[in-house]
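Computed from the coordinates by the stated procedures, all read-outs in this text should not be read as laboratory data. All of these numbers come straight from a predicted model, not from anything done at the bench. No Cβ is skipped: glycine too gets one built from the backbone with ideal geometry, and neighbour counts run over all protein chains shown.
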Amino acid sequence: MRLILAGFPRLAGCHGLVMAIEQYLLKHQEEISRKWFDLLTSNYSPESVRLFKNESDQFANPVGQTFLAAVDQILGEFLGENRAETLTPMLDRIIRVRAVQNFSPSTALGFVFGLKTIAEEVLAEELAEGEVGMVDLRGFERKVEGLGLLAFDIYVRCRETLFDIKVAEIKNNTRRLLERAQLIIGE
């Protein structure tokens with residue numbers, strides 16, 4: 001399944017235009033990856049951001065290295081084949097980390113939608129010269145919105161898992177307390 005179809009009908013005659021903008025974006029992939037990584041890490045403290053950017057040891061910097069690798073992989077797939085089944089585990093690597101942190105859902109997932117602004121900034125010259133049209137850009141933005149919906153699904157699953165774990169822990173702790181108080185006879 002191509003992600004462009006996830007939640008949005010295909011625009012008549014637009015598929016070729018979306019591919020054209022992707023080709024332009026691929027030319028700027030390194031710059032886009034860097035800016036997207038910067039946006040993703042902008043919610044962290046300056047010390048954390050320095051660590052994320054400067055420490056290349058995966059064991060000393062597991063979050064930064066996970067984010068860096070995942071951003072590159074997501075962008076490559078998103079601008080290429082754009083398959084939801086391939087993007088899901090890539091997005092999961094980032095979103096799983098952000099779901100356990102004290103971010104609001106909009107903060108945890110805002111980096112996905114920031115890709116629209118980054119693309120517009122990176123393609124400013126091509127847009128000004130008419131090489132890439134606004135219809136092309138709007139088609140790309142619809143794809144980013146589909147990616148955002150996929151990210152939201154992943155985020156919700158991660159949060160549900162966290163809550164299930166918390167409920168199970170509370171039940172186990174309550175049971176142990178009651179057993180200690182001899183209100184329940186152990187099985």
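Note on the chain: lysine pairs with Cα distance below 20 Å, sequence gap of 8 or more or different chains, count 7.
Between THR88 and GLU55, the modelled label-to-label distance comes to 3.3 nm, taking each label 7 Å out from Cα in the direction of the beta carbon. Modelled this way, with points 7 Å down the Cα-to-C-beta line, the labels at ALA124 and LYS27 are 1.7 nm from one another. Simple spin-label estimate for ASN173 and SER45 gives 2.5 nm between the two label positions (7 Å along the Cα-to-Cβ direction from each Cα). Taking the number of Cβ atoms within 10 Å of each Cβ as an exposure proxy, the fewest-first ranking of LEU177, LEU68 is LEU177, LEU68. Mean residue ellipticity, 222 nm, helices only, the chain: the sum of -39500 (n - 2.57) across DSSP H runs of n ≥ 4, divided by residue count and rounded to 500, is -25000 deg cm²/dmol.
Projecting the Cα atoms of THR117, VAL132, SER104 onto the dipole axis of the chain, where Lys and Arg carry +1 and Asp and Glu carry -1 at the beta carbon, places SER104 farthest toward the positive end. For segment 112-171, the list of trypsin sites (Lys or Arg not before Pro) that fall in a loop by DSSP and count at most 14 other C-beta atoms within 10 angstrom is empty. Span-like helix criteria (full DSSP H runs; alpha carbon extent of at least 15 Å along the helix axis; mean Kyte-Doolittle hydropathy of at least -1.0) are satisfied in the chain by 15-27, 29-41, 62-79, 84-99, 105-122, 134-180.
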